[in-house]
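The numbers here are math on the coordinates, done by the rules we state, and not lab data. Note that the structure is a prediction, hence the values are computed from the model and not measured. Quick reminder, even Gly has a Cβ in these numbers, built from the backbone with ideal geometry, and neighbours come from all protein chains shown.
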């Protein structure tokens, strides 16, 4: 496929914008897995100022206190979230392929879409097993839903690119 074809340029631009948005979100969600104690302290401070007597504040405070206790007594457990962060960053690099050649690497976007869909059952099944409040599991589901949006737009644009090129042949 000729990515330099002027007819495909608007679609290529749309795909790259969508993938850039997805990659930034994926990388940021990974990077935020490193400083959990500091992030939860900030979250508790903000929620304590705006909504102190809510289940959301109580949950955030409970998570923060657990992270503080864990960092003192069992700091090695944070190594698991370090690997989670690394996986997010490694997966972000995977999406460079479709950014460069979306038609050839369409499978990566399809994989990403499948992963986004998998977030929902994982959150809704594992959340209750691990004692996660339902409202928090719904928030986790948003990662899958909002991550799927740019991938769906990009895949639709890839399909249009493919049709244009095949029609020109």
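Give the calculated FRET efficiency between residue 17 and residue 115 to the nearest 0.05, with a Förster radius of 25 Å applied to their Cβ-Cβ distance.
0.80
Between residue 50 and residue 24, with labels modelled 7 Å along Cα→Cβ, what's the label distance in nm to one decimal, could you check?
If labels sit at residue 50 and residue 24, their model points lie 2.1 nm apart.
For helix 36-50, what angle does its Cα long axis make with the longest principal axis of the chain, in degrees from 0 to 90 and rounded to 10?
In the chain, helix 36-50 runs at an angle near 80 degrees to the longest axis.
What is the angle, in °, between the Cα long axis of helix 78-94 and the longest principal axis of the Cα atoms in the chain? Nearest 10 is fine, range 0 to 90.
Taking the Cα atoms of the chain, the angle to 78-94 is about 10 degrees.
Divide by every residue of the chain the summed helix terms, -39500 (n - 2.57) for each DSSP H run of at least 4, and state the resulting mean residue ellipticity at 222 nm, rounded to the nearest 500 deg cm²/dmol.
Result for the chain: -28000 deg cm²/dmol, rounded to the nearest 500.
Sorted from largest down, give the three principal axis spans of the alpha carbons of the chain, whole angstrom values.
Each principal axis gives a Cα extent; for the chain these are 64, 30, 30 Å.
Could you give the angle, 0 to 90 degrees to the nearest 10, between helix 134-168's Cα long axis and the longest principal axis of the Cα atoms of the chain?
10 degrees
What is the extension gain from residue 65 to residue 124, computed as 0.36 nm multiplied by their sequence separation minus the C-alpha to C-alpha distance, in nm to one decimal?
Gain on extension, residue 65 to residue 124, equals 18.8 nm.
What whole-number distance in Å separates the alpha-carbon centres of region 32-102 and region 119-147?
Spelled out, the Cα-based centre of one part sits 15 Å from the other.
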